[in-house]
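Just so it is clear, none of the values below were taken in a lab; they were calculated from the coordinates. Quick caveat: nothing in here was measured; it's all calculated off a predicted structure. Glycine also receives a Cβ, built like all others from the backbone with ideal geometry; neighbour counts cover every protein chain displayed.
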Amino acid sequence: MVNIADMNKEDFLPLYGTDYIEFYVSNSLQAARYYQSSFGFQPLAYSGLSTGNNEFQSYVVQQDKIRLVFTSPLKGGLEIGKHIDKHGDGVKVIALLVDDSKNALEQTVTRGAECAHRYKKYKDENGTLEVSGIKSYGDTVHYFINRSDYRGVFLPGYKKWKCSYSPKQVGLKFVDHMVGNVGWNEMNIWAKFYREVMGFSQLVSFDDKDISTDYTALMSKVMSNDNGRIKFPINEPAEGKKSSQIEEYLNFYEGPGVQHIAMATDNIIETVTQLKDRGVEFLHVPSEYYDTVMERVGEIDEELEPLKKLRILIDRDDEGYLLQIFTKPVGPRPTVFYEIIQRKGAKSFGKGNFKALFEAIELEQSKRGTL
Ligand code: FE2
């Protein structure tokens, strides 16, 4: 739980939410199309050859407060291409909304961050937008974006992506949390980074006794900024009988990186029904999970049957309950995946589901021969 001393100190890095998440991918148009058709994201903005950008092509899609950017290089030798060669498709930038981008960089660099993007003011006919950025785990970076004086569609250099194809949204609202996988014995290093460099507090911590099955073991600390809008759980692998899911991720991603993005909905049954209709694949939890779940979580507003049919998981904490479900990895490498979450008071992360969940992941690992 949040430390009182932490709560009383002034927030030197006010963050107002996730501005966007940028993926480096090998085919940005096809990736954007996938998120349109399968997840109901709407076309927003484009940058590429037709906007005078000869370096890379980006498509931006949006659903409520969630903005995703898919970027591919237009030539060899760029950092974007190198990132894709090493990691496969993955998250490069977690952009955070600030009201003073220059100060955000100064505050964090003073506390030990490494600069990833020098402070810069971009101007175009739509106003001014400020960007700066720092390095985080692996090759992932955080950008600090101030768009209070900017009225353009996304960032300077981007034009509206006019696209007649726009399947309906599925009710995804905002980024609830984003999980990073880091290497052996690195969880505390990165928890310290978020605490000291970015002023976050630790909400919870799980050790291998909480999170272990016969095979998998991991440890996790959940770091949150002052207003709770940004939550970054940090996982590291722990010693298990066989290769844990975190190790598998680290092997395939070739280092630390973003493991999953949790997107919130107000109606998980409706959202997941639509996602399944559109071909999104979820981890399959055995039906036995539902034999005992009500004893564990008590009364809930929803009928159990549709939750069971969709294989949505339920967990309760002191403040309420939550409903959650996890997709299979969305790319060729078993790395990035999504969580769909509906909170009904609960502020936790589904600890009661870990065992059922990890057994489902292990089943997939054994199919891949990576257990
Ligand atoms: Fe999660």
**Q.** Principal-axis tilt of helix 28-39 within the chain, Cα atoms, nearest 10 degrees
**A.** 40
(Q) Please state the shape class of segment 62-120: rounded when a/c is under 1.5, otherwise prolate if a/b exceeds b/c and oblate if not, all from the C-alpha gyration tensor. (A) oblate
(Q) How large is the direction-averaged shadow of the alpha-carbon convex hull of segment 11-160, in nm²? (A) 9.0
(Q) What is the angle, in °, between the Cα long axis of helix 354-368 and the longest principal axis of the Cα atoms in the chain? Nearest 10 is fine, range 0 to 90. (A) 70
**Q.** Estimated translational D of segment 6-87 in µm²/s (Stokes, Kirkwood radius over Cα pairs; 20 °C; 1.002 mPa s)
**A.** 151
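Convert 10 °C to kelvin, take the viscosity as 1.306 mPa s, use the Kirkwood radius over C-alpha pairs of the chain as Rh, and evaluate the Stokes-Einstein diffusion coefficient in µm²/s, rounded to a whole number.
Rounded to a whole number, D works out at 75 µm²/s.
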Q | Length-normalised contact order of the chain in % [C-alpha pairs under 8 Å, at least 6 apart] | A | 15
Q) Using a Gaussian network for the chain with springs between C-alpha atoms less than 10 Å apart, which of these wobbles most: VAL175, VAL293, VAL197? A) VAL293
Q) Hey, can you rank 60-66, 285-291 by average C-beta count inside 10 Å, highest first? A) 60-66, 285-291
Q | Cα centroid separation - segment 103-131 against segment 264-316, whole Å | A | 42
Q.
Can you find, among PRO233, PHE337, THR140, the residue sitting farthest towards the positive end of the charge dipole of the chain, where Lys and Arg contribute +1 and Asp and Glu -1 at Cβ?
A. THR140
Q | Formal net charge of residues neighbouring PHE39 (Cβ-Cβ distance under 13 Å; K, R +1; D, E -1) | A | +2
Q: Rank SER47, TYR122, GLY90 by how far each Cα sits towards the positive end of the charge dipole of segment 45-124 (+1 on Lys, Arg Cβ; -1 on Asp, Glu Cβ) and give me just the farthest.
A: TYR122
Q) What is the extension gain from GLU302 to GLU79, computed as 0.36 nm multiplied by their sequence separation minus the C-alpha to C-alpha distance, in nm to one decimal? A) 75.5 nm
Q: Would you mind working out the magnitude of the charge dipole of segment 11-160 relative to its Cα centre, with +1 at each Lys and Arg C-beta and -1 at each Asp and Glu C-beta, to the nearest 20 Debye?
A: 280
Q: Place a +1 charge on the Cβ of each Lys and Arg in segment 285-349 and a -1 charge on the Cβ of each Asp and Glu, then give the dipole magnitude about the Cα centre in debye, rounded to the nearest 20.
A: 500
Q.
Contact order normalised by length for segment 300-370, with contacts defined as Cα pairs under 8 Å and 6 or more residues apart; what percent is it?
A. 27
Q. Size of the dipole of the chain about the Cα centre, Lys and Arg at +1 and Asp and Glu at -1 on the beta carbon, nothing else charged, in debye to 20?
A. 1280
Q. Let a ≥ b ≥ c be the square roots of the eigenvalues of the Cα gyration tensor of segment 225-292; is it rounded (a/c under 1.5), or, if not, prolate (a/b larger than b/c) or oblate?
A. oblate
Q. Hey, what number do you get for the chain at 222 nm if only DSSP H runs of n ≥ 4 count, each worth -39500 (n - 2.57), divided across all residues, to the nearest 500?
A. -7000 deg cm²/dmol
Q | Relative contact order (percent, whole number), segment 36-112, Cα cutoff 8 Å, 6+ residue spacing | A | 17
Q | Rounded if a/c under 1.5, otherwise prolate or oblate - segment 91-182, Cα gyration tensor axes | A | oblate
**Q.** Charge dipole of the chain about the Cα centre (unit charges at C-beta), most positive-ward option of PHE56, ALA32, ASN251
**A.** PHE56
Q) Which lysines have a Cα less than 28 Å from the Cα of LYS75, not counting those fewer than 8 places away in the same chain? A) LYS86, LYS92, LYS120, LYS121, LYS123, LYS135, LYS159, LYS160, LYS162
Q. What angle, in degrees between 0 and 90 and rounded to the nearest 10, separates the Cα long axis of helix 101-110 from the longest principal axis of the Cα atoms of the chain?
A. 70
Q. Cβ under 11 Å from GLY255's Cβ, GLY255 left aside: what net charge do those residues give with Lys, Arg +1 and Asp, Glu -1?
A. -2
